[in-house]
Structure formats: C-alpha cells, structure tokens
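S.K.: Here it is, the structure, as structure tokens.
The values are calculated or read from the model by the stated rules, or taken from the named source; none is laboratory data. Predicted model only: the values in this text are computed from it and were never measured. Backbone-built Cβ (ideal geometry, glycine too); neighbour counts: all protein chains shown.
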Amino acid sequence: MKDFIKRSEGLWLFVHSPAVMVSALVAVLIFLGATLAPWIAPTNPYDLASFSLMDGLLPPVWEEGGVAKFSLGTDDQGRDMVSSILYGARLSLLIGLSAMVIATVLGVGLGVAAGFYGGRFDAIVMRIADIQLALPAILTALLIDGVARGILPPEMQQSLRVSVLTLAIALSLWVNFARTARASTFVEMNKEYVHAAIIMGQRPIRIMLVHILPNILGPLLVIMTVDLASAILLEATLSFLGIGLPADSPSLGTLIRIGMQFMLSGEWWILWIPTLFLVALVVSINTLGDFLRDVFNPGLR
Amino acid sequence: MFYFILKRLVQSVFVMLAVAFLAFSLFRFVGDPITQMTGVETSVEDQSRLRQELGLNDPFVLQFTRFTSDMLQGDFGFSFRTRQPVAQMITSRIPATLELGIVALIISLFVGIPAGVYTALRPRGVVTQAILMTTLVGVSIPTFVIGIMLIFLFGVQLGWLPTFGRGGTVQIGSWESSFFTLEGWRALILPAFTLGVYQLTLTMRLVRAEMMDVMRSDYIRFATARGVPMGRLYFRHALANTMVPVITIIGLQFGGVIAFSIVTESVFQWPGMGLLFLESIRFVDIPVMGVYLVVIAFFFVVVNLIVDLLYVAIDPRLRVKDVS
C-alpha cells in the first residue's frame, strides 16, 4: 500500500512538472535515435566510401547553400552531420551506460558486502573509497587511461579503446555507489528481517542479494541516473581532450573537438549542433535524476 | 587541540607516502624503464649493466626508499619525452595553474556565497527561481562547453578578451605571474570563470541549504524576537554558523579546481600543469605523470591541513576539547 502511494505520488509529480516531462521526452528520443542509428541514419559515418570531400562543409538545409540530402549540413570530410551525431550519441550512450552498469555492480557489491561483514573488510574498502574520493573522477579516469596506454601493446590500443575508456570511467565512479550501499546496508542490518534471516542460517550471499538489496534500491536508482550523466560527461570530456575516442569513430565529445577547429571560420553547425545535442542529453538526464530524488526522498523537497 | 593537529599531520604523511608509492609503482611497473630509456640498438649486456647501475635489481623496499628520499631532496628524475628534469618542468608550470585556481576560487566565493544567502532568504522569489534554474543548467553543461561558449561570445563575436595563452606575464624570481599586467588579467578572466562555474554553483547550493537549515533554528527565532537588526541577524548569527561545512567543501574542492584545470587549460591553451599532464599521458611519459600525481596530492594535503586549522579558528568548541 505504502509503495502504491509513493508510486502514484511520483506519477502525480511527473504529470505536474513540464520540465520533467520534456526531459523525459528528450532523453527517450535521443536513446531511440542512438539505438536505431544503423537503421535511421542516412549514411554510415564509419564507412569511408559513403561520403566524399565534394560534399564538404555544406551548411544545414535551412541556410543558404544547404542541400536537402544533408539536413544538418556536413563536416569538412563531407560526412553527414545527422549520421555523425546519431552514431556519436550511440557510442557516448554505449560507453556511458556500460560504465554506469559496471560501476553499479562493483560499487553496490563492495558496499553491501562491506556493510554486511563490517570489520576489516569494511575498513579496507572504505579507505580505498576515501582515497579515491579525494581525487576528482576525471583525474582517476585520465590516470587509468594513461596506465592502459603504457601497459597494452600498441597494436591492441585502437581495438581496445572503447573498453579501456569504459573501464576507466567505471573505476572512477564506483565510490558513490559503494558508500551509499554501505550506509543503507548498515541501517537494514539492524532490522528484524535480517536478524531472522541470519538466525535461520541462510547463506550470506542470499541475504545480501535477496533480502537487503531490494530494500536499498531507491537511493541507488537516483545515483544511477546521476552517474549516467556523469559518465556521459566524463566520456565527452576525455574525447574532447583527445584522450578518448579517435576521430574515425567519433563520440559526441570527439565531434565537438573537431568542431572547435571551425569556430573561427563560420561553419557553426559543425561545433554547435553536437554541443547542443550533448547538453540536451545531459541536462535531461540530470533533471530526471533530480526528479527521482524528490520522489524517493520527499523530505528534501 | 595540539593533539588534533598532530594527528592530522601524521595522517597527511601517510597519505603522501601512499601517493608516492603509487607514483613509484607507475614508474617501476608500467613499461620497463630501461626499454624506455635506451634505443633499439643498445645491446642486452649494456642494458643489464645499466639496470645494475641504476639499482633496478635491488630489493623493492630499498628502491622505494631511495625513490622517496630522492623526491624529498627535490630530485624527481627525468622525463622520457623531453629528457629534462621533471622537477624543473613542473615547477615552471605551477604558477600558471595556481593563479588560475585561486582566481577561480575567489570568483566562486564572491558570487556563490551572496547568491546562496539571497536564495535562502527569498526561497519563493522570481530571482531565486531564475538563479536555481541557471545553476541546474550550469551543473549539467560540461566545463569544456562553457569554455567554448565563452570563447565564442567574448573572444570571437565581441572580440573583447583573448582566448588562449596567458597574455602578459611578469617574472618575479622563478614565479611567472600574470597579476601585474592588464593583458595578463584580460587573459585570465575567461579561463578563471570557466574553471570557477562549477565551484560557484556548488558553493551557492551548499550555502543555501545550510542557511535554510539555520534560519529554522530556535536561536534565530529568538534573535528575531529580540529585535536583532536584519543585516546582523543574517550575516553574524546565521551565516557564521553555516561556515564549517562550507569551508570543508570549498577546501576539498580546491584540490578539485587544480585537477579540473586540466580541462580548462586544454580549452584555453593555458600553459599550466594540467596541460603538461595531458601531454605526458598522450606520450606515456610516466615520470611526469607520477610527479604530477605527487604534486596534486601535496596540494590536497596542504589545503586539508589549512581547512583543519580554519575549523579551530571558526568553531570555538574545537579549542576546548579534543574532537577529531
């Protein structure tokens, strides 16, 4: 019953805040566009044969000189901007989502275990978390990326780029999950149902997964949303810095970096359309995160 | 209180040791230093002789001790890429980053605290709603996009401010400062603002949350009833009590500012430590990466110590008993 009220209240809040509804719409549209990119994009930006330099630097269709075939214009290589952005968003979301999932599994796993077992294991996990919390996520991600560059043989560098980037981002975001999961687990550990489960002699892994985890999901869901936004931002930043994805398989960050070169020469669409896309994506995810937090923690309103 | 400070000092030493260990492991295990230093034509005998001479065959603990004592004496080794001493490369870059960070921090405090107080006192006002909306968007826009927008608006469209480099600098001893020329200040504005935006919103939100909390408390109600003038009530009674958490976060954030300057420096081609670090990652220049890490950690530790001392200055309770 209580759950039902909470849910209907969430629904009520959702219907009554236009900003949240618009954000949800934007997020869903971008997710759909990114997922369906291979089917709905006019061209394939990874296929060198599909574009030609002859089409280079065409403006969007509503500007003078625009061509109907390239509705958002083309870059200097003649790549269609719509396709680049759809495929770029696909990569950004793929990396962001996988990094977020890895961070969640790792962080929640360690956090719940730390809260459940306590003692020395807890102390070790939390010290590591403390140290990492002192370093900003971007620095951690850069370091992991740098180490990977040093360790991996050169011929594997390119093919593993996406995995390395995902892992670097995941490893710099797990701390939030671990701390929240641990704190919530501590609270649950004092409740009778956990005592009962322990006395009944259930295996610890079962208690953690079946009993504790479902009861601490609320706050974790909020962190997952916020961290998805952070992961996407982090990937965009790394790619923008030239550390992330290379120019032949561009993510949104790489597209913005390429666009920077055209800031002075008047081809505004190469820079500003991917930028607008990235900002719209992150702002709407963050707004949804704020909304979820309000739903799960009515006290903060 | 003395015990409190001492405890923090000991903790700091351990943190620095841990970071030094990390930097050392980076240097020692990510790639073989010998292959990095020698070319393809060096014979195997020469390589193993070099290995022996450099002490790379010694026990691990001995190597680490030597590494640490070298660092304490200011010997940070040589860059793989430029063959220059790392100490020199980093110290020549420190002033640029530090000046940028300090100005960014000042901007964020001088705008963030008043904005936080205002939005807490008028929670339903139109201005408050506008400010809150702006900060929400501000947090969601990545730093580099803010930088690009500022460059586009003030550098390209309006042509008011330079968009890269430090402009005019004045050399004071070994410190290259941009505080003493007009050009230097002009070049500093955009990057410092870019770097400060995130801290600004954070400071504002924090001050706002703390202020709203404090304003609800009994002693403020009592002070209002007593007829304490509004200005004194807000700033002397209320704001002073929000300062402990605010200072903690700002202190911790200063380290973040220094690290985040990597992005800002890249956008504005600001010749600081962050730009150096980026180059060192791109070229897998492990010694520079390691030393950058140690230097950043040192900043963190020093700032945290200062924050701890500020606690004592702000919160009189800490002067009486040992709370840690």
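S.K.: Restrict the check to the stretch A:176-187 and report whether at least one residue is of a type in the set (A, V, I, L, M), closer than 30 Å to A:G146 by Cα and within 12 Å of chain B (Cβ to nearest Cβ).
M.R.: For the stretch A:176-187, residues of a type in the set (A, V, I, L, M), closer than 30 Å to A:G146 by Cα and within 12 Å of chain B (Cβ to nearest Cβ): absent.
S.K.: Being more than 9 Å from every other protein chain (Cβ to nearest Cβ) and out of contact with any Leu (no Cβ under 8 Å at 6 or more places or on another chain) is the filter here; which residues of the stretch B:259-271 pass it?
M.R.: B:P271
S.K.: Which condition number does A:P154 fail, the rest of (1) under 22 Å from B:V15 (Cβ atoms); (2) free of Cβ contacts under 8 Å to residues at least 24 places away in the same chain being met?
M.R.: (1)
Residues checked against (1) under 30 Å from B:S261 (Cα atoms); (2) among the hydroxyl-bearing types (S, T, Y); (3) modelled with pLDDT of 80 or more; (4) in contact with a strand residue (DSSP E or B) (Cβ under 9 Å, 6 or more places away or on another chain):
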site: B:V30; (1), (2), (3), (4): yes, no, no, no
site: B:Q47; (1), (2), (3), (4): no, no, no, no
site: B:F76; (1), (2), (3), (4): yes, no, no, yes
site: B:S79; (1), (2), (3), (4): yes, yes, no, yes
site: B:I94; (1), (2), (3), (4): yes, no, yes, yes
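S.K.: Quick one: which residue in A:L160, A:L173, A:L165 is under 21 Å from the mean Cα position of the chain (by Cα), within 14 Å of chain B (Cβ to nearest Cβ) and under 25 Å from A:R257 (Cβ atoms)?
M.R.: A:L165
S.K.: Restricting attention to the stretch A:203-216, report how many residues are surrounded by fewer than 15 Cβ atoms within 10 Å (Cβ to Cβ) and not basic (K, R).
M.R.: Looking only at that region, the number is 6.
S.K.: Could I ask something else about it? Do any helices (runs of 4 or more DSSP H) lying entirely in the stretch A:210-301 carry at least 1 residues that are more than 13 Å from chain B (Cβ to nearest Cβ), and which ones are they?
M.R.: It comes to A:217-240, A:268-296.
S.K.: Just name the residue that is farthest from B:R205 (Cα to Cα) out of those in the stretch B:101-130 that are touching a residue at least 40 places away in the same chain (Cβ under 8 Å) and touching a Lys or Arg at 6+ places or on another chain (Cβ under 9 Å).
M.R.: Only one residue tops the list, namely B:P123.
S.K.: How about the stretch B:143-187: which of its residues are touching a residue at least 60 places away in the same chain (Cβ under 8 Å) and either touching an Asp or Glu at 6+ places or on another chain (Cβ under 7 Å) or assigned to a loop (DSSP other than H, G, I, E, B) (or both)?
M.R.: Hits for the stretch B:143-187 are B:T163, B:F164, B:G165, B:R166, B:S174, B:S177, B:S178, B:F179.
S.K.: Now for a different question. Which of the residues belonging to the stretch A:118-138 are free of Cβ contacts under 8 Å to residues at least 12 places away in the same chain and part of a helix (DSSP H, G or I)?
M.R.: Those that are free of Cβ contacts under 8 Å to residues at least 12 places away in the same chain and part of a helix (DSSP H, G or I): A:G119, A:R120, A:F121, A:A123, A:I124, A:R127, A:I128, A:D130, A:I131, A:A134.
S.K.: Can you tell me which residue is farthest from B:I94 (Cα to Cα) among those in the stretch B:283-294 that are crowded, with 23+ Cβ neighbours inside 10 Å and among the hydrophobic types (A, V, I, L, M, F, W, C)?
M.R.: Restricting to residues being crowded, with 23+ Cβ neighbours inside 10 Å and among the hydrophobic types (A, V, I, L, M, F, W, C), the top hit is B:I286.
S.K.: Could you list, in sequence order, the residues of the stretch B:76-93 that are in contact with a helix residue (DSSP H, G or I) (Cβ under 6 Å, 6 or more places away or on another chain) and not β-branched (V, I, T)?
M.R.: Once the filter is applied, which keeps residues that are in contact with a helix residue (DSSP H, G or I) (Cβ under 6 Å, 6 or more places away or on another chain) and not β-branched (V, I, T), the stretch B:76-93 yields B:F76, B:G77, B:S79, B:F80, B:R93.
S.K.: Can I ask one more? Quick one: in the stretch B:272-281, of everything that is under 13 Å from the mean Cα position of the chain (by Cα) and more than 10 Å from every other protein chain (Cβ to nearest Cβ), which residue is surrounded by the fewest Cβ atoms within 10 Å (Cβ to Cβ)?
M.R.: Ranking the qualifying residues of the stretch B:272-281, first place goes to B:G272.
S.K.: Pairs only if they're at least six apart or on different chains, beta carbon under 7 angstrom, first in the stretch B:282-308 and away from every other protein chain (no Cβ under 12 Å), second surrounded by fewer than 19 Cβ atoms within 10 Å (Cβ to Cβ) and polar (S, T, N, Q); list them, first residue then second.
M.R.: Cβ pairs passing all conditions: B:L305/B:S12; B:V307/B:T248.
S.K.: Let me ask something else. Filter the stretch B:123-180 down to residues that are touching a Leu at 6+ places or on another chain (Cβ under 6 Å) and more than 14 Å from every other protein chain (Cβ to nearest Cβ) and give me whichever is surrounded by the fewest Cβ atoms within 10 Å (Cβ to Cβ).
M.R.: B:L161
S.K.: What number of residues within the stretch B:282-299 are at pLDDT below 80 and among the aromatic types (F, W, Y)?
M.R.: Count: 1.
S.K.: Here is a further query. Quick one: in the stretch A:143-157, of everything that is among the hydrophobic types (A, V, I, L, M, F, W, C) and more than 23 Å from the chain's Cα centre (by Cα), which residue is nearest to the other protein chains (Cβ to nearest Cβ)?
M.R.: Checking each candidate, the answer is A:I151.
S.K.: Still on this structure, please answer the following. Could you tell me whether the stretch A:223-241 includes any residue that is within 24 Å of the chain's Cα centre (by Cα), surrounded by fewer than 18 Cβ atoms within 10 Å (Cβ to Cβ) and under 16 Å from A:L110 (Cα atoms)?
M.R.: no
S.K.: While we're looking at this one, here's another question. Please pick out the residue among B:G231, B:G251 that is surrounded by fewer than 23 Cβ atoms within 10 Å (Cβ to Cβ) and touching a residue at least 24 places away in the same chain (Cβ under 8 Å).
M.R.: Testing whether each residue is surrounded by fewer than 23 Cβ atoms within 10 Å (Cβ to Cβ) and touching a residue at least 24 places away in the same chain (Cβ under 8 Å) leaves just B:G251.
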